[in-house]
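Have a look at the structure below, then the notes.
The values are calculated or read from the model by the stated rules, or taken from the named source; none is laboratory data. The model shown is predicted, which means the values in this text are computed figures rather than measured ones. All Cβ positions, glycine included, derive from the backbone under ideal geometry; neighbour counts span all protein chains shown. Side chains included, ligands, DNA and RNA excluded: accessible areas come from the protein's heavy atoms. Shrake-Rupley method; radii C 1.70, N 1.55, O 1.52, S 1.80 Å.
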Amino acid sequence: MLAQLPQVDPELARLLVAEEQRQFHNIRLIASENYASAAVQEAVGSCLSNKYSEGYAGKRYYQGQQYIDAVEQLAVQRLKSLFGAEHANVQPYSGSPANLAVYAAFLQPGDPVVGLGLPHGGHLTHGWKVSVTGKWFDAHAYSVRREDERLDIDEMIRLVREVRPKLLIAGITAYPRVVDWLPFREVADEVGAIFMADIAHISGLVAAGLHPSPVPLADVVTSTTHKTLRGPRGGMILCKAEHAAALDRAVFPGLQGGPHNNTTAGIAVAAHEASTPAFYAYARRVVDNAQALADALLSAGYRLVTGGTDNHMLIMDLTQQGMGGKPAAVALEKAGIVVNYNTIPFDPRKPFDPSGVRIGTAAIASRGIGPEHMGTLAGWMSQALKAADDDAALARIAAEVQAFASSYPAPGLTGVDAA
Ligand SMILES: *Cc1c(COP(=O)(O)O)cnc(C)c1O
């Protein structure tokens, strides 16, 4: 429970508790979200955020680093051993700054880069035009195939041979299938490109061995620490030893000032948690949930992009239901089920009103909700989508959903009663 905040700042405390209640009572299916553990939250909420420590362990610009150096080294060592990496940098403030550091380390403005297009499941920072990575660099996008909505590796190879990028990016934000890293490594070698794999979404699955790891193949691997990896809000860079100095310099002093030491500590805790059998069981449940939910939604008549999933994510296409993704997401939220609207490949609708919703199963897995409940969940989703204009019906579904959700503990929440 909150000890000080309600007295010191009741207005903020009310908002915080209300958000905790929302996270507790709803079924959260946003693919990039999770519940960080209470131990991670304690590290993040600690006195470590009081300390400035520009530089790296042993080479800081301020005194008083004896404990901070040890904290950062712990995070670095644990990530290196968890992912089998030669070098780790835990200072990027989040996933996007981690990616920018890779550009800063290896590219000059205007240099060519190749990444997966945003509408096909790539991230903004993979060279999409509204991002500085698309404005300041000569960015080219590959896509997924029309026929099966899988990554078009042949197109990627053709594009790389034509463009000869300095940086080739593989990685996904909205793509429900395994990424095969090898063809990226091979064609990067052909043209002398740096190969970066961005595992922001899937790093928890990679850590658990449930998605192939790019670490042995890629020059650089970037990730967030808060999606399936279930740590604090943060970023990380793993790389070969030969690139360590360039990437460290790009993060500090290239892009950032002082690292967020409280976040670094949270990453250390999360890396420790991710090495346990309990984390493997969680990651297994994430994938089992996604497959069970996919099966149940397909049986209920919904179309899924690529026809299913290999990871924690589903992209549901609502075209056949004659419904946009945004009204679908709004109806689901009224029924206590929280997703985000999302484009589908070759989406005929506009990005702010696309044809699909993206669904992720990491957060429910963290609460211990397993595949045996996915039929029920698909049933609620289906009812809600059919009753999208009927607020009373949506409220009735929400009551059932919220009674179910509230019977599962929510890791890391402090302001709610578990009952
Ligand atoms: C989420 C995501 C990021 C960005 O992470 P932020 O922490 O939101 O900056 C980068 N790359 C991919 C593939 C992502 O999914």
Given the structure, is Gly257 away from the ligand (no atom under 16 Å from the Cβ), modelled with pLDDT of 95 or more and in a loop (DSSP other than H, G, I, E, B)?
yes
How many residues, within the range 56-73, are under 19 Å from Gly266 (Cα atoms) and small (Gly, Ala, Ser)?
2
Pull out all pairs, ordered by first then second residue, where Cβ-Cβ is under 7 Å, the residues are six or more apart or on different chains, the first lies in the range 46-57 and is assigned by TED's automatic domain parsing to the domain that holds Arg233, and the second is part of a loop (DSSP other than H, G, I, E, B) and among the aromatic types (Phe, Trp, Tyr).
Tyr52/Tyr62; Ser53/Tyr62; Glu54/Tyr61; Glu54/Tyr62; Gly55/Tyr61
Whichever residue in the range 183-209 is part of a helix (DSSP H, G or I) and either under 30 Å from Arg303 (Cβ atoms) or under 15 Å from the mean Cα position of the chain (by Cα) (or both) and, among such residues, is nearest to the ligand (Cβ to nearest atom):
Ser203
Residue count, the range 1-41, condition among the acidic types (Asp, Glu), in contact (Cβ under 8 Å) with a residue 12 or more places away in the chain and open to solvent by 50 Å² or more (accessible area, probe 1.4 Å), comes to 1
Every residue from the range 92-150 that is surrounded by fewer than 22 Cβ atoms within 10 Å (Cβ to Cβ), within 13 Å of the ligand (Cβ to nearest atom) and under 22 Å from Lys350 (Cβ atoms):
Gly117, Leu124, Trp128, Ser131
Looking at Ala328, Ala300, can you tell me which residue is surrounded by 17 or more Cβ atoms within 10 Å (Cβ to Cβ) and small (Gly, Ala, Ser)?
Ala328
Hits in the range 135-164 (condition: in contact with a helix residue (DSSP H, G or I) (Cβ under 7 Å, 6 or more places away or on another chain) and not aliphatic (A, V, I, L, M))
Phe137, His140, Tyr142, Ser143, Asp148, Glu149, Arg150, Arg161, Arg164
Mind telling me which of the residues Ala13, Ala36 ends up being more than 30 Å from Pro345 (Cα to Cα) and within 16 Å of the ligand (Cβ to nearest atom)?
Ala36
Which residue pairs have Cβ atoms closer than 8 Å, lie 6 or more positions apart in sequence or on different chains, and pair a first residue in the range 214-235 that is open to solvent by less than 10 Å² (accessible area, probe 1.4 Å) with a second residue that is within 11 Å of the ligand (Cβ to nearest atom) and among the charged types (D, E, K, R)?
Val221/Asp198; Thr222/Asp198; Ser223/Asp198; Thr224/Arg233; Thr225/Arg233
Mind listing whichever residues of the range 42-83 are surrounded by fewer than 16 Cβ atoms within 10 Å (Cβ to Cβ) and within 18 Å of Ser203 (Cβ to Cβ)?
Gln77, Ser81
Counting only residues in the range 165-178 that are open to solvent by less than 10 Å² (accessible area, probe 1.4 Å) and more than 15 Å from the chain's Cα centre (by Cα), the one nearest to the ligand (Cβ to nearest atom) is identified as Ile169
Residues being closer than 15 Å to Leu29 by Cα and either outside any helix (DSSP H, G or I) or of a type outside the set (D, E, K, R) (or both) - total across the range 284-308
9
